[in-house]
1. With Gly513, Gly479 as the choices, which residue is away from the ligand (no atom under 16 Å from the Cβ), buried (at least 20 other Cβ atoms within 10 Å of the Cβ) and under 27 Å from Ala602 (Cβ atoms)?
2. List every residue pair whose Cβ atoms sit under 6 Å apart, with the two residues 6 or more apart in sequence or on different chains, where the first one lies in segment 764-778 and is in a helix (DSSP H, G or I) and the second, anywhere, is of a type in the set (Gly, Ala, Ser) and within 16 Å of the ligand (Cβ to nearest atom).
3. As an exercise: evaluate Gly459 against (1) within 15 Å of the ligand (Cβ to nearest atom); (2) closer than 29 Å to Gly779 by Cβ; (3) surrounded by fewer than 24 Cβ atoms within 10 Å (Cβ to Cβ) and give the number of the one condition it does not meet.
4. Among the residues of segment 553-575, is any within 16 Å of the ligand (Cβ to nearest atom), among the acidic types (Asp, Glu) and part of a loop (DSSP other than H, G, I, E, B)?
5. Could you say whether any residue in segment 408-418 is assigned to a strand (DSSP E or B), farther than 27 Å from Asp173 by Cβ and out of contact with any Phe, Trp or Tyr (no Cβ under 8 Å at 6 or more places or on another chain)?
6. Hey, any hits in segment 676-694 for a residue that's within 16 Å of the ligand (Cβ to nearest atom) and out of contact with any strand residue (DSSP E or B) (no Cβ under 9 Å at 6 or more places or on another chain)?
7. Residues in segment 419-435: is at least one within 15 Å of the ligand (Cβ to nearest atom), touching a residue at least 24 places away in the same chain (Cβ under 8 Å) and either in contact with a Pro (Cβ under 9 Å, 6 or more places away or on another chain) or assigned to a loop (DSSP other than H, G, I, E, B) (or both)?
8. Which of the numbered conditions does Glu50 fail, given that it passes all the others? Conditions: (1) of a type in the set (D, E, K, R); (2) within 31 Å of the chain's Cα centre (by Cα); (3) closer than 23 Å to Val166 by Cβ.
Amino acid sequence: MGNLQVTALKCEYRTNPLGIGAKHPQLSWQIESDRRGTLQRGYQIIVANEVGDFTKPVWDTGYMESDQSIQLVYGGPELLSRARYHYKVKVWDNLGRESAWSEVAWWEMGLMDQGEWQAEWITPDESEMDPQSEPAFLLRKQFEVGGDVLSARIYATAAGVYELYVNGTRVSDELLAPGWTSYPTRLQVQTYDVTDMLQRDGNGIGILLGDGWYRSGMGFENKNFKYGERRAALAQLHIQYKDGTEEVVATDTTWKASTGAIQYATIYHGETYDARLEHSGWSSANFRDDKWCATQVCTDVSFDVLVPQENASTRVTEVIRPIAYFVTPAGDHVLDMGQNMVGRMRFTVSAPAGTRIELKHAEVLDKDGNIYFGNLRPAKQVVTYIVKGSGPETYAPYFSFMGFRYVRVEGFPGQENGLPLDAFLGEVMHTDMEPTGEFECSDTRVNQLQSNIRWGQRGNFLDVPTDCPQRDERLGWTGDAQVFISTALFNYQGGPFFTKWLHDMKAEQRPNGGIPFVVPDVVGGENSAAWGDAAVICPWTVYQYYGDKRLLAEQYESMKGWISYIRSQGDQEFLWNTGFHFGDWLALDAKENSYIGATPVALIATAYYAYSTRIVRDAARVLGHEEEALAFEELYQGVIQAFRDEFMTKNGRVAAPTQTAHILALVFDLVDDEVRARVAKDLNELILDNDYHLSTGFVGTPYLCFALSNNGYHETAVKLLLQESYPGWLYSVSKGATTIWEHWDSIKSDGSFWSDDMNSFNHYAYGAIGDWMYRKIAGLDMDVTVPAFKRIHIEPMFGLNRLSYAKAAHTSLYGRIESGWQVDQGQIQVTVRIPANTTADVILAGAAVGSVKEGGNSLDTLIPGIQAISEVAQGVRVLLGSGDYTFTYGNSDLFRVTFNEHSRIDDVLDHEVATAIFQKHMSSLFEGPFLNFVRKSTIKQLGENTMTGVTKQQIEGLLEELILI
Ligand code: RAM
């Protein structure tokens, strides 16, 4: 009967997760099938207890007729705190096949009930140690294990950041636990499996406790103690013996406290570690702690705020080596990591005791080649290590992270003769999300852009979505997250990440529905259009990608709250024309000395008012709140009308002559079809007038290319993408960027900097173009009416003659989706992969039914998996079931070069192709100072300009070759 398998079982987005907090966890699986067109017709889930005895199931769904294979809500009896559940799944498909049972997977509940806490919050005794002092605390206890251990778990958290040790070994590779949440209301508890770490009789347990976000002084004021003055820790070890008894070891005042090597550690400024002050063996049994201080109970943090960890943990996900070492003109010894990264340096050193080594981290070099710290503002990013002197010592900071490509090293033994590169490693740190997106095309510059976008995400998804990872900010700016979330969810599995952050947003929403600028809120400002709208856009985007109805339901009140906030603001119900807004932040049409672009903020605010209201309407429908949906529809219509009255001319022009104003009118559907054509044309002209350059900021940029591609100006969108001169995405690439910059000209063409004041080289907002690259260039898109890619939409837009191939992949909850195309002399090949239990509409642009073949067969034969074929305006539409398909067809018109003497070759050709042709005909000119001039000149200018020394013959050769394309 062929092969049908259930694989990749997930609970709450994760494989075999510990410490689940959801009372009704959501289960997902994937189906592998050797047949095209596989759909799930039914499923059966069996959940068993701790030991996995499936003969006595906790929950057995029996055969369920349903095509649901993701986010299936556990519906059995109440799940017990701390219990492990095993589960397996089988499915039946539309071809009548029954799969075998999947492999058994499990999840384990966290500590669910506050009443179970026997542990107390502890901190060093105030009478013996100043609990506000800088050095990190060491807290420890000795305990006995009196039997054969079946299993052992530790539930722990901290006011601060902590690492947990048992018998001298770290219990996990998680970093900066418990992560950053809205601490006054929510603090995550981590669960660790320590079964294999316990030993019979004497054991030691230790907690290393630093400041972290809790006490570091986040925000602009550089004030410590934002959340609290004292660090404290809470931990509870449950030992289950094989004889069925249980024992608990918990933090209480029998623990002892000390300080040690970590003399200082904060998020912005780095860490100071004096290895001479280490307490060797401090977390092992039999360590002499009689000289250590006592501890006391700390009541600063309540038990009510504890929640089992929601986000994936922060980890080192990659280790990179420095690519170079050099001495700057100013005499600094600098390591180059080759990549702007976020994390920490690990190094190994042998030196006499007391040697002081200092690492200071920076993102860029200035135009003279000196290391540049100006953009860090007060953030120091300095790591100081004081050598113990006992042979090779290895160290990396515990409780800080840096944003950097370059590291200035001072005091490293022998560095006058050069730094030994192999002594240093860069450890890349971020929330450990599964990579789910790949994009590649024929233009290597665009591939570098894609890499920059991904690195921007990695560096700024360190537990919260931050604006930047280096200066004294690193805050959960709502606007930045909102513009980037769609790209982010293509690139990485962000379900747990956004679930946690949105819960924090909801926790910090103001009683009137207002939304703070940053979440967790350490800044205090609130309620800017496009920033506060994150409360609506983010849960909806998570729903679109992952079909997570529970999160949508959890956030629904918060989403509505934001709309009612807006509604109460304007001087009439349907307009939002009051208050402070960041506007089209950093747009290039801003007035001098302003960050706020020229697009009227009331236009932006009202446009988002409409957009968010429409989303809440749709969310209401999904959640079955029909009456509310109707009310939001009415409100939406009112806002659209008000937008038109206020911001459109009678004849259908956008009154504000900015790119962003036109973009919003188009992408938020604020105009009807007739007017739409005119607005699109006007937008296109604004860009042509600007010689194919954008002028947009945070608000317009993410949607700019969508506005063009979706309204008949895809060619202009592609030109914008490929624009190498300032301003455009490839400008920073041409300047050697390895991450996305905050400003289009963070480094100006003369090598000088935009400013010291606000100039991050790792700011993902403009990376939002990634979404368009996936959806339009590679054509991998979703049908928005069916969430989670259950219905896939594949429609590559070929980028005319500028790109010769593009391909993308996305691992959805259903499995891997692929879309790719290539063109060779007018022959087009489109390849797709559609996972089981989904279907796809594939649009083959410029195709005619008679000319398309799939796997070599013409479409008029019966092809397995192809369910329907039709001609549409763009070409041919095929409806596919799951499977791998290759379509081929010819259409040389689509790729014909429209070339005349006014064309610049770079404008009409794929960068790689242009390069090859240039090399062939003008090799003499290809290098040297004229190169740029030649590439940017029209054929006419080239022929006329004797300066370049281009011969008539060369021009003719060029033209001949171009005609062949
Ligand atoms: C800057 C941040 C962020 C932006 C706000 C308005 O400080 O870096 O990117 O959202 O301003």
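1. On the way: Gly479 fails: away from the ligand (no atom under 16 Å from the Cβ).
That would be Gly513, the only listed residue that is away from the ligand (no atom under 16 Å from the Cβ), buried (at least 20 other Cβ atoms within 10 Å of the Cβ) and under 27 Å from Ala602 (Cβ atoms).
2. Listed pairs, sorted by first residue: Tyr764/Gly456; Gly767/Gly456.
3. Just one mismatch for Gly459, condition (3).
4. No.
5. So the first thing to find is which residues in segment 408-418 are assigned to a strand (DSSP E or B), and the list is 408-410.
Those still in the list that are farther than 27 Å from Asp173 by Cβ too: 408, 410.
Pick out the ones that are also out of contact with any Phe, Trp or Tyr (no Cβ under 8 Å at 6 or more places or on another chain) and you get 408, 410.
Yes, that holds for at least one residue.
6. Initially, segment 676-694 is screened for residues within 16 Å of the ligand (Cβ to nearest atom), giving none.
No.
7. Initial filter on segment 419-435 (within 15 Å of the ligand (Cβ to nearest atom)): none.
No, segment 419-435 has no match at all.
8. Single failed check for Glu50: (2).
The values are calculated or read from the model by the stated rules, or taken from the named source; none is laboratory data. Predicted model, so just to flag it, every value in this text is computed and none were measured. Every residue, glycine as well, gets a Cβ built from its backbone with ideal geometry; the counts of neighbours run over all protein chains shown.
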